[in-house]
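In what follows, a structure is listed as structure tokens, so that the remarks can point back to it.
The values are calculated or read from the model by the stated rules, or taken from the named source; none is laboratory data. On a predicted model such as this, the values are computed, not experimentally measured, just so you know. Cβ coordinates were reconstructed from backbone atoms using ideal geometry, including for glycine residues, and neighbour counts include every protein chain displayed. Note: areas computed on protein heavy atoms with side chains; ligands, DNA, RNA excluded. Shrake-Rupley method; radii C 1.70, N 1.55, O 1.52, S 1.80 Å.
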Amino acid sequence: MDNNLIKTIAEYMITEGGEQTSSGNWIFTYDEINNKFGTDLPNDAELINQITEYIYAVKSDVVSDLDLSQGFDLDFYTDHCPNIDESCLGEMGME
């Protein structure tokens, strides 16, 4: 598997999701990733696993949780989200 592609996809999701979220959560559908990077998700389970491993190994200080049931559903530590809505912090218990 192309390690550059794995890193590129993971870094894109972390950067884009962290910048776009106002709640600390951002979902990337598999179709969205396929269209942007020419991948074949969710059919390429190895790629999904390697992206997930990269995020947990390299970016665990930015991403607190990752759910794969709807695509890549990332929960960010809110101090890495410049557009966080302060009213969300109490609701999520992340003050």
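In the set (1) modelled with pLDDT of 95 or more; (2) surrounded by fewer than 19 Cβ atoms within 10 Å (Cβ to Cβ), the condition left unmet by Trp26 is number (2). Quick check on segment 32-47. Is at least one of its residues on the phi < 0 side of the Ramachandran plot, open to solvent by 10 Å² or more (accessible area, probe 1.4 Å), touching a residue at least 40 places away in the same chain (Cβ under 8 Å) and in contact with a helix residue (DSSP H, G or I) (Cβ under 8 Å, 6 or more places away or on another chain)? Checking segment 32-47: not a single residue is on the phi < 0 side of the Ramachandran plot, open to solvent by 10 Å² or more (accessible area, probe 1.4 Å), touching a residue at least 40 places away in the same chain (Cβ under 8 Å) and in contact with a helix residue (DSSP H, G or I) (Cβ under 8 Å, 6 or more places away or on another chain). Residue check: Asn83 meets all listed conditions (1) open to solvent by less than 60 Å² (accessible area, probe 1.4 Å); (2) touching an Asp or Glu at 6+ places or on another chain (Cβ under 8 Å); (3) not aromatic (Phe, Trp, Tyr) but one, namely (1).
Per this entry, Ser23 is not counted among residues that are of a type in the set (Gly, Ala, Ser) and either without any contact (Cβ under 8 Å) to a residue 60 or more places away in the chain or touching a strand residue (DSSP E or B) at 6+ places or on another chain (Cβ under 7 Å) (or both). Considered as a group, the residues in segment 1-15 that are in contact (Cβ under 8 Å) with a residue 12 or more places away in the chain and among the hydroxyl-bearing types (Ser, Thr, Tyr) include one that is least open to solvent (accessible area, probe 1.4 Å), and that residue is Tyr12. Whenever a residue of segment 60-71 is farther than 14 Å from Ala45 by Cα, its partners that are part of a loop (DSSP other than H, G, I, E, B) and open to solvent by 60 Å² or more (accessible area, probe 1.4 Å), lying with C-beta atoms within less than 6 angstrom and at least six residues away or across chains, give the pairs Ser64/Tyr77.
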